[in-house]
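Okay, so here's the structure we're looking at.
Taken together, the values in this text are just the output of simple stated rules run on the coordinates, not laboratory data. Predicted model only: the values in this text are computed from it and were never measured. Backbone-built Cβ (ideal geometry, glycine too); neighbour counts: all protein chains shown.
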Amino acid sequence: MSKKWQVKNIVDEASDIEETEEEGKNEESSEEDELSGLDIPETKLPVLRSIHNERNEDADKLAIREELSALTFEELQKLKEKIGSKKFNQTLTGVKKKPQVKTDFKRANPNRPREISSKSRKIETKVAVQVPKVFRSDPRFDNLCGEFRERSFYRNYDFVNKMKEDEVKKLKEELREETQPRRIEKIKYLIQRMENQIRAVKKRKLEEEKQEEEKRITIEALKEGKSPYFATKWARKERDLKEKFETLKEEGRLNQYMAKKRKHNAQRDRRHMPSDHY
């Protein structure tokens with residue numbers, strides 16, 4: 001690919017853009033001064049150097065293109081570097097950038113909505129209002145509230161359990177007088193939940209009493225010079241089962257409990273049996 005063919009290609013592409021705009025005399029004189037420092041002979045650029053003469057603009061464009069088509073690629077590059085790519089393209093194509101007209105977005109009527117440009121939106125600065133900071137402290141994670149002691153907590157709030165017992169009595173009285181089935185179910189659920197909570201509190205109290213009793217026996221054995229006895233988990237479990245069976249026997253619910261336990265164990269064993277035995 002020859003350099004002359006590349007130059008003709010550039011000139012052909014530039015000839016597609018056609019816009020008629022007049023160039024000022026100041027720009028023409030500045031172009032003459034810029035062309036004076038080039039190493040290109042004047043015989044090659046007669047029209048470009050005499051562009052200030054009175055001639056038709058279209059004829060000047062055609063003449064300039066013919067002159068540039070005769071130049072080598074190296075000479076075109078030198079010309080472009082000397083006068084700048086912007087002026088070079090304007091001289092070649094005749095295209096001049098139109099000045100941007102600033103749009104006025106003022107309202108003709110103050111009752112109309114304001115027109116805002118979608119390209120550059122003006123963001124109004126908001127004045128930050130200083131709100132007083134509210135300090136909230138959680139007693140669970142606050143060192144000023146001290147450490148959590150479970151026994152002291154339950155001992156201090158033992159009155160809540162007594163209030164629950166009173167509420168259970170009131171709910172049972174309300175259940176006798178209630179006729180709506182949905183309300184009856186709700187009251188039964190509340191009674192069962194509160195009774196379970198009261199039962200759990202009583203169980204916890206019994207465990208605490210047993211632990212205190214074990215501690216007392218251990219201290220007495222140490223005072224007498226004997227070796228202390230520390231019960232294992234299995235021994236404690238066996239003791240709890242024995243006490244549970246004794247209480248059930250006293251209440252007369254031992255047979256009912258054993259029947260339920262046997263049924264539960266039978267269902268558990270049936271799950272692990274092979275399917276042929278069903």
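Determine whether ALA259 is surrounded by 11 or more Cβ atoms within 10 Å (Cβ to Cβ) and more than 55 Å from the chain's Cα centre (by Cα).
Values: surrounded by 11 or more Cβ atoms within 10 Å (Cβ to Cβ): no; more than 55 Å from the chain's Cα centre (by Cα): yes.
So ALA259 fails the test.
Consider only pairs whose beta carbons are under 6 Å apart and that are at least six residues apart or on different chains; among these, list those whose first residue lies in segment 190-207 and is closer than 18 Å to LYS244 by Cβ and whose second residue is assigned to a helix (DSSP H, G or I) and of a type outside the set (Lys, Arg).
VAL201/ASN161
Show me the helices (runs of 4 or more DSSP H) found entirely inside segment 120-235 where at least 1 residues are of a type in the set (Gly, Ala, Ser), over 30 Å from LYS102 (Cα atoms) and within 48 Å of the chain's Cα centre (by Cα). Don't jump to the end; show me each part of the working.
On the way: elements: 150-156, 159-177, 181-223.
The qualifying helices (runs of 4 or more DSSP H) are 150-156, 181-223.
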